[in-house]
Amino acid sequence: MRIVFWGTPDFALPSLAALDGEGHDVVAVVTQPDRPAGRGRKLRPSPVKEAALARGIPVLTPDRPRGDSFLAQLHALAPDLSVVAAYGHILKADVLELPRLGSVNVHASLLPELRGAAPIHWAIIRGHRETGVSIMQMTEGLDSGPVLLRRSTPIGPRDTTSDLTLRLAELGAEALVEALALMELGEAEAEPQDESRVTWAPMIDRDTARVDWSRTPRQVADHIRGMDRVPGAWTTLDGEPLKLFRPVVAEAEEAAAPGSEEAFGGASEDAPQGVSGEGAPGAAGGSAVPAPGTVLPGSGEEGLLVAAGTGDHAGRVRVEEVQPAGKRRMAAADWLRGGGAAPGDRLDPPAHDPPADEARAPDDAASAAASQRPQAPPDPPSTPPEGGSP
């Protein structure tokens, strides 16, 4: 088939390589214009542009993929199909319908779950145990077209967004080749999406990446893994940002049960403000439950140990790598040896801890149910990734 390929980041590279390797005629690649990058802010081509030029494929880099001039360029290519993988712009109907067979998208979720710009991040953040890719016929709706093919993969307990992106990029390329083969044979079946099962994966920004230590240890760990490595989950220490990577839920590391004094390092009566659990549910019975975000005894060679959650949901998260402001990513043990933090320090402390009767542990069941309920899509940004991919 004569194919116009649309893509920009590394996620799209396996799909481009697969199309070329399977003998399809990739007549052009459409990608984002060169952008300033690096310390010198020099213009840098997208990964897809570099790969296309290396393969001798013509490249188009419109600021916006619309207008008579751009449409004339597409018409001249006489494509049978457009294939989109994380391009970076919404495509209008006249662009989607121009090829003889229309346009398909490589989307990094099992649609209709996780429509939107950041499905890989949110699959991990929400604690999903499985995700995958969908090859979808594109319509003007956001990731709402019928699905030609799905392929799934498990999400491991230590998988990060970076890990999963690499895996889904390869899985997406395999699924794309299979779907195109079915199309050529006339055997592809387009399955309409079940709108009652739609969930959303809105764009990730700096505010979204901030850690909420009042969440359960599992939710905090999932959040940190879901933000790794871009944009990076972050908190503050003494007002300075600190990025966090490679978390482990630590409550099972010792025989002591989470919430007991032994499990939290035996906080004493003269512990710093917040370490004794002042204002935290669970302190009323006399056990010392540290306030969420408190650096705990036990931080050291295995990482930074931090209190998370409240009440019956209180526990600990061990963070193995950190990145202080203006420095490289490093082992948390090295940062601690350099005086990075000490037991009793508070990460991202609120202006005022809530009184005990106002603080409440998150309701895991309600939270999980809410994440799976159909939600209204977020207000679309000015240039959301096409089809919400990857």
- Residue among Asp222, Asp212 that alone is surrounded by 14 or more Cβ atoms within 10 Å (Cβ to Cβ), out of contact with any helix residue (DSSP H, G or I) (no Cβ under 7 Å at 6 or more places or on another chain), among the charged types (D, E, K, R) and at pLDDT 95 or above: Asp212
- Residue check, Leu110 against (1) over 27 Å from Glu174 (Cβ atoms); (2) at pLDDT 95 or above, all met but one. Which one? (1)
- Query: Mind checking whether some residue in region 91-103 is in contact (Cβ under 8 Å) with a residue 40 or more places away in the chain, out of contact with any His (no Cβ under 8 Å at 6 or more places or on another chain) and β-branched (Val, Ile, Thr)?
  - Reply: no
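Do the conditions hold for Arg318, that is, is it modelled with pLDDT of 80 or more, touching a strand residue (DSSP E or B) at 6+ places or on another chain (Cβ under 9 Å) and under 30 Å from Pro202 (Cβ atoms)? Let's see the steps before the verdict.
Details: modelled with pLDDT of 80 or more: yes; touching a strand residue (DSSP E or B) at 6+ places or on another chain (Cβ under 9 Å): yes; under 30 Å from Pro202 (Cβ atoms): yes.
Answer is yes for this residue.
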- Show the residue pairs that are 6+ apart or on different chains and have beta-carbon atoms under 8 Å apart, the first residue being within region 1-17 and touching a residue at least 60 places away in the same chain (Cβ under 8 Å), the second being among the basic types (Lys, Arg) and assigned to a helix (DSSP H, G or I). none
- Enumerated strands (runs of 3 or more DSSP E) restricted to region 144-261, each holding at least 3 residues that are outside the structural domain of Glu130 (by TED's automatic domain parsing): 233-237, 240-249
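The values are calculated or read from the model by the stated rules, or taken from the named source; none is laboratory data. Predicted model, so just to flag it, every value in this text is computed and none were measured. We place every Cβ from the backbone using ideal geometry, glycine too, and count neighbours over all the protein chains shown.
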